[in-house]
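Working notes for the structure below.
Every number in this text was worked out from the coordinates using simple rules, so none of it is lab data. Just so you know, these numbers come straight off a predicted model, no measurement behind them. Note that we place each Cβ from the backbone using ideal geometry, even for glycine, and neighbour counts take in every protein chain shown.
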């Protein structure tokens, strides 16, 4: 089998807010699409230091048929749990610094899957559709007109094994959590499930606070694949998937507060601390890191964050994620209900399903 990296979109200049579309040619056998966004910080700073929250949709469509649909945050969280690490990030809050972030649309069970991939010849008009709205600001966002997009497709060029299908990832639910009660969600029944990605995003809040329990009920409790506290799920994710890491080149000041993307049991340190000024990480609460420093710095310093639950997400696989026989099958299932237990208000709850579509 022969594969290659094909530059589908090459450093395309973007408007500050748009939906960018690109046709995926018939006959392509696509293992993954690497979507790479880049923008230049405002002339004074970009206190956000990142752009993933500004990309609302990464989609692959065939007319009205949605083959893939996630936000960039959901995609990056999926990448961490399914690939073993976050995709590339170059994060900066410095004046005119260049921020680069990737998200990988993976159609296989794992990267490089030879059996499950997107075969565009099976569809009539496949299109990649990417929606963003960059924050434009001299101090808390990006300079206007500096957005750039590159998309690299990993293609099977020759001697491809027969395609057995692809992993279809899409958001199926979202709501704002309440102080109590339960939130039931009827899951789609057509395709088997590789995994579920549940996010519960609220600043300064870890992912086992707003939602305290998740239960999956099949056919009115005739089978219950899981009924766990979110604390137990987070603990299992920590053991199984290890740490995620982020690094920010921060704006030199006497104090820096940065909202990163790692919400679970995170910690941070400064290193290097700076040659002429000395930085010190003082607190870490959920995704929020605080650095104090002396004055007089002449060069940038780095904040390093290690932790878990990227974008306040929890991951629930069925089996090991690779062996199809262990996936949650839908044959004979008339009702599949995911029940979340609310414990605090204000969390941005969402559910992404990863299903095997043949």
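Data for the structure
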| quantity | calculated |
| --- | --- |
| Choice from 106, 46, 304 showing the highest fluctuation, given a GNM over the chain with Cα pairs closer than 10 Å | 304 |
| Crossing angle, helix 72-83 versus the chain [Cα axis fit, 0-90 degrees, rounded to tens] | 70 |
| Full-stretch length increase - residue 157, residue 228 - with 0.36 nm per residue and alpha-carbon distance subtracted | 21.2 nm |
| Kirkwood-based Rg to Rh ratio, the stretch 164-247, C-alpha trace | 0.97 |
| Between the stretch 236-250 and the stretch 102-137, the Cα center-to-center distance that results, in Å | 24 |
| Choice from 223, 142, 80 showing the highest fluctuation, given a GNM over the chain with Cα pairs closer than 10 Å | 223 |
| Relative contact order, percent, the stretch 166-358 [alpha-carbon distance under 8 Å, six or more residues apart] | 46 |
| The chain: C-alpha gyration tensor shape, a/c 1.5 cut-off, then a/b vs b/c | oblate |
| Volume per residue of the C-alpha convex hull in the stretch 27-176, rounded to whole Å³ | 123 |
| Relative contact order, percent, the stretch 1-164 [alpha-carbon distance under 8 Å, six or more residues apart] | 48 |
| Stretch gain in nm, segment residue 175-residue 257, where the contour uses 0.36 nm per residue and the Cα spacing is subtracted | 26.7 nm |
| Taking 250, 37 and counting other C-beta atoms within 10 Å, the order from fewest to most | 37, 250 |
| Contact order normalised by residue count of the chain, Cα under 8 Å, 6+ apart, percent | 25 |
| Label-to-label distance, nm, for residues given as residue 11 and residue 245 (7 Å Cα→Cβ offset) | 2.9 |
| Which of 308, 183 has the fewest Cβ neighbours within 10 Å, and the rest in rising order | 183, 308 |
| The chain: angle of helix 230-241 to the longest principal axis, Cα-based, in degrees nearest 10 | 90 |
| Gap separating the Cα centres of the stretch 1-40 and the stretch 180-215, nearest whole Å | 30 |
| Distance between the stretch 325-358 and the stretch 153-170 - C-alpha centres, whole angstrom | 25 |
| Calculated [θ] (222 nm, deg cm²/dmol) that DSSP helices of n ≥ 4 give over the chain, each run adding -39,500 (n - 2.57) | -2000 deg cm²/dmol |
| Residue 25 versus residue 269: modelled label distance in nm, points set 7 Å from Cα along the beta carbon direction | 4.9 |
